[in-house]
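Worksheet: one structure, shown below.
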Amino acid sequence: MALDRLRRRRSGEGRGPERPIRPWSAFAFRDYRILWISSVCGLMTMQMRMLATGVWLYDVTGSGLQLGLLGVVQLAVQLPAILYGGALADRWDRKKLIAVAQSFTFVFMALVAVLAATDRLAPWHIYAVTAVLGVSSVLGGPARSAITANIVPRSHLMHAVTSNQATFQIGAIAAPLAFALVVQTLDATAAFVVSALFALPASLMPLMIRTQVAPVESGGSDESVLRRIWEGAVYVMRHPILPGLYLLDIGVTVVSFYRQILPLIVDRMFKAGPGAVGVMTAANSLGGVVGTFAVLFLANFRAKGMLVLYATLVYAILIIAFGFSTSLWLGTLLIAGLGATDAIGMTTRQTTVQLTTPDHMRGRAVSAHSVSAMTANNLGTFEVGFMSEQIGADRTMILGGAISVVVVILVWWLVKGIREYRYP
């Protein structure tokens, strides 16, 4: 009995079941705080990079198709890399994997800054660096997500995962504001430098995590990575909920992904410039923070699958309204709502993946979730960019929203597991 009490104290559960778990309770654990700070820095460098490269590329080329090609480049390299990254997250030290992946960001963003400072930066450089960093980021991504379950007790996992999503939104708010400030006071080259600097703590801090995160092996140490990938794919395909969630994400996002196309949308729908891109990006992320914290206070809503469907349906309706908007301020308000509903659906999906998957499969299940998200985002970047050139950005949004409504209805009708899933 004494040994059991000691175990419970070490896991953070020894204070008695009668004490409620607060929304911010995951921050009581030192290792989670370190991971959180590292994540903020990593997300700052990623968001700064995406904004700076996207705005620079559109300013130089003026082409929505050129922006859309960023999605093609990322998909080509990220799809195989994310599958491999999930297997690595289950086999290698997750702390070191995160650190190595972030170190690539520092090196290559520093290279972009040098090229920009010497006036030698060209569009092909942007595509090449996007490809390299696309690989490094997705190799470390599943490890960063999967390690959360190793450093907080299961009873706090829902709040930790939700806080992880809030981390993404905080970085996504701070980055466009920092980008606008840096570009206005200095220049675009300085934005590349700042992005590189944020990568340093993101690389070093995971190594400060004290929790021993031993690789989880389901077989012998000589088990091939390809076999582990196949095992993960079979597990996901047989899961009663996950395939439907991934299908929902892909079906909606492919026809409505607007984030990397914002320079074009702001220019052609609202006749505004890079400053408005920063404002709308920050508003979208601020809405995401609101949506993420809404999930914290919806923790007792047991029908998690239906929560995802409700949020996605509202998202689809807002996409249609966004396509009809002509005022920059109305568009900014609507895009904040899009961020909120997207965050509710995304956070609940991520939590469901972690809660319904055993630890030895968690890295690969998280990897599969990342595959669906990455595939949808990258295809969506190309589709929205291409369609905006053909029929206009406003009509592209309206059409995408209408298709998204149909996708939500079909998933609700066809995937029984999502309708019936309850937790706890």
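The values are calculated or read from the model by the stated rules, or taken from the named source; none is laboratory data. Being a predicted model, the structure only gives us computed values, none of them experimental. Please note: Cβ atoms are built from the backbone with ideal geometry, for glycine as well, and neighbour counts cover all protein chains shown.
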Practice task
Find the residue count for segment 362-389, including only residues that are touching a residue at least 40 places away in the same chain (Cβ under 8 Å), more than 13 Å from the chain's Cα centre (by Cα) and surrounded by fewer than 23 Cβ atoms within 10 Å (Cβ to Cβ).
Solution key: 4
Completion exercise
Over segment 219-275, the set of residues assigned to a loop (DSSP other than H, G, I, E, B), crowded, with 20+ Cβ neighbours inside 10 Å and modelled with pLDDT of 85 or more is Val254, Val255, Ser256, Phe257, Tyr258
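Table: residues versus (1) touching a Leu at 6+ places or on another chain (Cβ under 6 Å); (2) surrounded by fewer than 23 Cβ atoms within 10 Å (Cβ to Cβ); (3) touching a residue at least 60 places away in the same chain (Cβ under 8 Å); (4) not small (Gly, Ala, Ser).
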position: Ala146; (1), (2), (3), (4): no, no, yes, no
position: Leu157; (1), (2), (3), (4): no, yes, yes, yes
position: Thr162; (1), (2), (3), (4): yes, no, yes, yes
position: Phe192; (1), (2), (3), (4): no, no, yes, yes
Exercise for the section: State which residue is surrounded by the fewest Cβ atoms within 10 Å (Cβ to Cβ) when the search covers only segment 94-108 and only residues that are under 15 Å from Ala196 (Cβ atoms) and among the β-branched types (Val, Ile, Thr). Expected result: Val107
Problem - Any chance Gly291 is within 21 Å of Tyr421 (Cβ to Cβ), crowded, with 23+ Cβ neighbours inside 10 Å, modelled with pLDDT of 85 or more and not basic (Lys, Arg) - result: yes
Problem - Sole residue being part of a helix (DSSP H, G or I), modelled with pLDDT under 85 and of a type in the set (Gly, Ala, Ser), chosen from Ala87, Ala76 - result: Ala87
Handout entry: Close pairs (9 angstrom Cβ cut-off, 6 or more residues apart or separate chains): closer than 18 Å to Leu51 by Cβ in segment 284-304, among the charged types (D, E, K, R) anywhere
Key = Asn284/Arg259; Asn284/Asp342; Gly287/Asp342; Gly288/Asp342
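Yes/no per residue for (1) of a type in the set (A, V, I, L, M); (2) within 24 Å of Leu309 (Cα to Cα):
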site: Val255; (1), (2): yes, yes
site: Tyr258; (1), (2): no, yes
site: Pro263; (1), (2): no, no
site: Arg268; (1), (2): no, no
site: Gly275; (1), (2): no, no
site: Met280; (1), (2): yes, no
site: Asn284; (1), (2): no, yes
site: Ala294; (1), (2): yes, yes
site: Phe297; (1), (2): no, yes
Exercise for the section: State whether the residues of segment 323-333 include one that is under 23 Å from Gln66 (Cα atoms), part of a helix (DSSP H, G or I) and modelled with pLDDT of 95 or more. Expected result: yes
